[in-house]
Every structure is written in structure tokens, then in C-alpha cells.
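For reference, the structure is listed below as C-alpha cells.
Throughout, read-outs are computed from the coordinates displayed, never taken from laboratory work. All values derive from a computational prediction rather than experimental measurement. All Cβ positions, glycine included, derive from the backbone under ideal geometry; neighbour counts span all protein chains shown.
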Amino acid sequence: MSIRIYNTLSHKKEPLNPQEPGHVKLYVCGITSYDYCHIGHARSALVFDMIVKYLKYRGYKVTFIRNFTDIDDKIIKRAEEQNSSPAELAERFIQEFYRDMDYLGLDRPDLEPKATEHIPEMIALIEKLISLDKAYAVEGDVYYRVESYPEYGKLSRRNLEDMQAGARISINEKKTHPMDFALWKNSKPGEPAWQSPWGAGRPGWHIECSAMSKKYLGDTFDIHGGGKDLIFPHHENEIAQSESANGCPFVHLWIHHGFVTIRNENTNDTEKMSKSLGNFLTIRELSEKFHAEILKLFVFSTQYRNPLEYSEQAMQDTHSGLTRLYECIAGFERLVCSGSDTLASVISAKERKNLSRLEERFQQAMDNDFNSAQAIGHLFDAAKSVNKIMRKFSDQQAPGDIRLLKETVACITRLAGIIGILKEPAEGFLARQHDERLKDADVDPMFIDQLITQRNAARQDKDWALSDQIRDQLLAHNIELKDGPDGTVWTVKRD
């Protein structure tokens, strides 16, 4: 089965057919480096890291480019506010971005070009557009002529006439059409500037990605990605200027991930999480509250094109789910049993079939437009079956049963690595989570052990009322007791 990807341009799923067989060329729009990254940036970074990992798992070579916009109106304004230079501010937040990516445990792209390091390429592209009468210069600015490109609006499914109806032209407007967009901007006094045929200035936002993707991936490449907020105008404008200059299709497949939303406590409506609305959480804030794998599992439990609603409860539920997966792995690693050829299998034919097809079902889900939510569901189903089978095990077991569980647990761990989870030793992860919950419970472990001793004595005396009272007393502190053949153990209850 081939990988099928939903193409924003065609509004349908299409097979992945790289221009160069076996080699996928991918370009993703990166951050504008003027502030700390929020959870929306985290989703973007995680989604494309997952896509790259899965393509490599399926045997493709991948060239992955993600840029930095390190000159922009927002950067200039923030630098003024912080009494810094735009270059210093941009570099500082690029380094902060790397800190966030390291927390998430993501691989670096193959190349991360910066806009300011590719000014000559942008100027050359603009000159080409002017020579083709696709752009025009006026008073130090250069604008792309949208009416010169008949297919303008094809990505966003917008009509130029409808867009024009919503625009207004001021008396001193330089543009010949309201929707014409800037390729080059005449710099104001004190702003960063580069010399060009049109005077000192700096590039417009859209021209950056066209110039850098052309340099590193060619006139046409396989996949271009970003958030849905980039469909218009950014990616629409990239298509127009690139196809006008190069005379060929720009990108074969367009991938756009959905927004991260949050529920407004006042209206109870969900709204996009964004800096402009002031309702966002930075990755740095999340890193202080949650293990990175919790955030990853939360993000991938929703298919990438769908909205992702953030809440504390959702993160707690995800924490519980991640812990269950680690508990399955730890349970198998603690398993002590030897093989005996004389024993019959305790695994049903249905269980054996489902476990043996785990990787196949995982691939089917991911081949269908990277449906991580469905793929994760298969991992949880497999873990549930493993736990059920382990409860049937005794000191001796059929060797084939032991082998199948070992292969399944290894498969769960390997496939989970594609979405960046189950990367830690299971016992170590569970011990740390236990310690953190114990800290939150604010109970002395020695006090817990004393109460368990009292409870054991009460149970021996068949004083069930006292036994239940002690259990309830500990439960009030989120301490759960589990009685087994080897005695009583306690854990901190998950919310």
C-alpha cells in the first residue's frame, strides 16, 4: 500500500510519488523569531518531525528544510521595545527555539536557512519577476502583480474578484491592485537594510520561502507544509511568485495541520490559541508542568489536520494513557517464567492474529494521511492484550507464548518511537512519575508504611472496619493500596 496524503491544493488524498524515486523533498515554514514558541508551534514541529520519521521508517530518503524568518516588522518592533538590535533579538529567540525543540526531543532538519542569509537569492528572484512583468517597482518598493497570474487563489479556493471587493485602496496607495503584495520593502530610517536595484530595503515575507526552497530543493519539489493559517496569504503568494518565475509547478503536495484551540471560560466556545488573542501557552511553560512525551501523545492522539483542543484535563488523561503503556512494558520486563514445550498456549487464535498484525495495522493507519490517532489506538489495543495474556501466565509457559509477547512489546516500543514516545526505560519513567505524584500527595512514605502495617494486622484479626478505615485514610491522600499474593503495595493515584 502506498502512502496517501491529503493535498490542500486538490482537496483530496493523493499517493506520494516523489519526483526522484525514493527521495522525498520537504519544505516547512518555520518560526518568525521574535518571541517564545507556543503550543501551536509545538504541534507544527511535532507533526513534521513525525512525518519525516515515518517516511524514513517506510524506506524513503528525506531532505527536510525548515527556515527561520529573522527579519520582519514584528522583530523590528520587539527589538525597539527591548532596546536591542533586530539581529540580536532574532538570534536570541532562535536559540530559545532550539531549547524548546530539545525539550521535545526532536531531530534537527537537514537545513535551517535564515532569511537574512539569502538576500541575493531573493533579489535575483524579484528581478526575474520584474523582467517578466509579473512585478513592478515604485518608490523603493516592489510589488507582485496578482492579475498577471490567472490561477491566483487556487490553494485557498478564493476568487480574486471577491477578495478585491473586500479591499480598500487609499488615495496614496502605490499598488495597482489592492491584492498586490510586497516582494521588497523600502526601509524606514533606522531599520535594517540591504542594498538592491531599488534602493536600500529588506525582503517581503513571502519571497523568502520561494527563494530558499528553490535554492535547496529546486523549482519543483514534493511536499510543502505548515499550519492552516499559512494557506492564505503566505502559501498562496508563494505559489504565484514561484510558478510565475520558474514556469513550472511549485509543489506537488501541500500539507497543513489544524489549529490548537482552547475553550474560552467566559463564552464556553473554543477559539484558536494565538498570541494575538493572548490565550496561548508557551512550550517553556508546558515543559515545567509536563513530561515531553505527554505533550507528544496528546498532539498525536488527534489526526494532524483536525483541530486540537487543549485543556489541563486532556493532558492529565494523556498522562494516564502514557503511563499505561509504560506499565505494560515494565510488566513484561518483570515477568519471570520459563518455557516448557509440554504446556499448551494460553493465547487464543484471535489474540495471536491481532498481535502478529500489529505492525501491519499501524502502517495502514499511518499510510492513510499519517493517521496517528488510529495508529496509537492500535498500540493501546496491543498493550491491553499483552496485559491480559500476562495475567494468564504462570511460572512455566509455552515458549511460543513468551516469544510472541517479547516480539509484541518490542514492536510497540519501536513503532511508538515514530511519534517520539516510549523512549525511556520503563521502570525509570514510572519511578519518576511515582516520585512526582508522591510529592504532590504530600505524604511521608514512612507514614504510609506504618499504616499498611496496622492494616495488615487488622486484616489478620479480621477487623475489616479498621482495615477499610485505613484504606480510606490513605486514599484521601491519593494513595492506592493493592493487595496481592506477595503482600500489599501502594501507588499514588493518577488524577
**Item:** Cα lying deepest toward the dipole's positive end in the range 310-427, options Gln363, Asn387, Ala398, charges on Cβ
**Value:** Ala398
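Rounded to the nearest 0.05, what FRET efficiency do Val346 and Ala465 have when you use their Cβ-Cβ distance and R0 = 56 Å?
Approximately 0.90, to the nearest 0.05.
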**Prompt:** Where the only charges are on Cβ atoms (+1 Lys, Arg; -1 Asp, Glu), what is the dipole of the range 85-144 about its Cα centre, to the nearest 20 debye?
**Reply:** 100
**Request:** Per DSSP H run of at least 4 residues, take -39500 (n - 2.57); add these up for the chain, divide by its residues and hand me the 222 nm value, nearest 500 deg cm²/dmol.
**Result:** -14500 deg cm²/dmol
**Message:** Can you give me the orientation-averaged projected area of the convex hull built on the Cα atoms of the chain, in nm²?
**Reply:** 30.1
**Fill in**
In whole percent, the Cα-Cα distances of the range 20-158 spread across 5 Å bins from 0 upward as 2, 8, 13, 15, 15, 17, 14, 10, 4, 1, 0
**Asked** What residue among His257, Leu46, Ile418 has its Cα farthest toward the positive end of the dipole of the chain, where the charges are +1 on Lys, Arg and -1 on Asp, Glu, each on the Cβ?
**Response** Ile418
**Item:** Mean separation of Cα contacts under 8 Å (6+ apart) over length of the range 4-271, as relative contact order %
**Value:** 22
**Item:** Approximate spin-label separation Ser356-Arg324, in nm, with each point projected 7 Å along Cα-to-Cβ
**Value:** 2.7
**Item:** Partners for Lys392 among lysines (Cα-Cα distance below 24 Å; same-chain residues under 8 apart left out)
**Value:** Lys350, Lys353, Lys384, Lys406, Lys482
**Complete:** Computed for the range 227-322: size of charge dipole around the Cα centre, +1 on C-beta of each Lys and Arg, -1 on C-beta of each Asp and Glu, debye to nearest 20, value 120
**Asked** Sorted by mean Cβ packing within 10 Å, highest first, what order do the peptides 322-328, 456-462, 24-30, 117-123 take?
**Response** 24-30, 322-328, 117-123, 456-462
**Message:** Quick check: the angle from helix 372-390's long axis to the longest principal axis of the chain, C-alpha only, nearest 10 degrees?
**Reply:** 10
**Request:** List, largest first, the extents of the alpha carbons of the range 359-495 along their principal axes, each in whole Å.
**Result:** 58, 38, 23
**Asked** So what are the ³J(HN,Hα) numbers for the range 211-218, from phi and the Karplus equation (6.51, -1.76, 1.60; θ = phi - 60°), rounded to whole Hz, Gly and Pro as x?
**Response** 5, 6, 5, 4, 5, 9, 10, x
**Request:** Report the one residue of His177, Leu230, Asn7 whose Cα lies farthest in the direction of the positive end of the charge dipole of the chain (charges on C-beta: Lys and Arg +1, Asp and Glu -1; origin at the Cα centre).
**Result:** Asn7
**Item:** Packing-based ranking, highest mean first, of 220-227, 149-156 given that Cβ atoms within 10 Å are counted
**Value:** 220-227, 149-156
**Prompt:** What share of the DSSP beta bridges in the chain is antiparallel, in percent to the nearest 5?
**Reply:** 50
**Item:** Rg/Rh for the range 442-492, where both radii come from Cα atoms and Rh is the Kirkwood radius
**Value:** 0.94
**Message:** Compute the angle between helix 399-416 and the longest alpha-carbon principal axis of the chain, please, reported from 0 to 90 degrees and rounded to the nearest 10.
**Reply:** 30
**Separation in nanometres of the label points that stand 7 Å from Cα toward Cβ, at Met446 and Glu288** = 3.3
**Prompt:** With axes computed from alpha carbons, what is the tilt in degrees of helix 426-441 against the longest principal axis of the chain, rounded to the nearest 10 within 0 to 90?
**Reply:** 90
**Message:** Using Cα-Cα distances under 8 Å and only pairs 6 or more residues apart, what relative contact order does the range 310-427 have, in percent?
**Reply:** 39
**Message:** Over the Cα atoms of the range 4-271, each weighted equally, I'd like the Debye log10 I(q)/I(0) at q = 0.11, 0.12 Å⁻¹, rounded to two decimals.
**Reply:** -0.67, -0.80
**Message:** Given Cβ point charges of +1 (Lys, Arg) and -1 (Asp, Glu) and nothing else, what value in debye, to the nearest 20, does the dipole of the chain about its Cα centre take?
**Reply:** 1300
